[in-house]
Amino acid sequence: MAVFIHTNKLVKHVPGIDGLKTGRTSESGYNLTATMKKNNMRLISVIMGETTPSQRSYDTVKLLNYGFSQYEAVEYKSKNYQVDEYQNILLTPQRIKIVTNDPVYFVTQKGEEIKGLEERFNFNIGKNGVKVGEQIGELEILKDGKVIYTVPLTVEQDVEKASYFEVLGRTIKSMFFR
């Protein structure tokens, strides 16, 4: 049985730190690349050239604390945010909500508003339907005309091809009850 000795003591002693790599070379001294997740934001710190392992740990915590004190992850769009509604008499349900498949976060300086963004989207629902989670298109978020983020689009609920009788009933209903 192999025994693993973890040289990144911060993983055990600092909540939220979950990795990554320690090292030492004669040219670069003691090094530590660490990752930490807090409040929906993950930061990565890289410390190089320290003279002792304890100094690299101290500087890593200091750098991560600085990052979390100055920046935050701001939710721009939640998962299942409705982008559009599509209607098709040949599908069930007939009204289909087009939603984001994932949330969209931006890292900003604390207190800073997210502004100056534009959005465009495209989607295609096949004539045979689509399942929740299946990608049907993309929402693009742009700043100054350049795409800075893309999020997959899906449907709010499973969509199926409507039966002949469903389409017939809908057609008759639309003819008489407008």
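A few notes on this one:
- Contacts under 8 angstrom Cβ, first residue in region 149-178 being in a helix (DSSP H, G or I), partner surrounded by 10 or more Cβ atoms within 10 Å (Cβ to Cβ), 6 or more apart: Glu166/Thr92; Val167/Ile89; Val167/Leu90; Arg170/Ile89; Arg170/Gln94; Arg170/Ala162; Thr171/Ile89; Ser174/Ile89
- In region 26-66, the qualifying residues are those that are small (Gly, Ala, Ser) and buried (at least 16 other Cβ atoms within 10 Å of the Cβ), and the one that is nearest to Ile114 (Cα to Cα) is Ser45.
- Of the criteria (1) in contact with a helix residue (DSSP H, G or I) (Cβ under 6 Å, 6 or more places away or on another chain); (2) assigned by TED's automatic domain parsing to the domain that holds Lys131; (3) hydrophobic (A, V, I, L, M, F, W, C), which one Leu91 fails: (1)
- Here Thr35 meets each of (1) touching an Asp or Glu at 6+ places or on another chain (Cβ under 8 Å); (2) closer than 30 Å to Val130 by Cβ; (3) without any contact (Cβ under 8 Å) to a residue 24 or more places away in the chain; (4) not aliphatic (A, V, I, L, M) with one exception, condition (2).
- Selected residue (criterion: surrounded by the most Cβ atoms within 10 Å (Cβ to Cβ)) from residues of region 123-178 that are at pLDDT below 85 and of a type in the set (Lys, Arg): Arg170
- Scanning region 117-131 for residues that are closer than 30 Å to Met41 by Cβ and either out of contact with any strand residue (DSSP E or B) (no Cβ under 6 Å at 6 or more places or on another chain) or among the aromatic types (Phe, Trp, Tyr) (or both) returns Phe121, Phe123.
- Top-ranked residue of region 30-86 - restricted to ones that are small (Gly, Ala, Ser) and within 27 Å of the chain's Cα centre (by Cα), ranked as farthest from Gly111 (Cα to Cα): Ala34
- Qualifying residue in region 9-25 (condition: in a strand (DSSP E or B), touching a Gly at 6+ places or on another chain (Cβ under 6 Å) and either outside the structural domain of Tyr149 (by TED's automatic domain parsing) or surrounded by fewer than 16 Cβ atoms within 10 Å (Cβ to Cβ) (or both)): no
The values are calculated or read from the model by the stated rules, or taken from the named source; none is laboratory data. Here the structure is a predicted model, which means the values were calculated and not measured. Ideal geometry is used to build each Cβ from the backbone, glycine not excepted, and the neighbour counts take in all protein chains shown.
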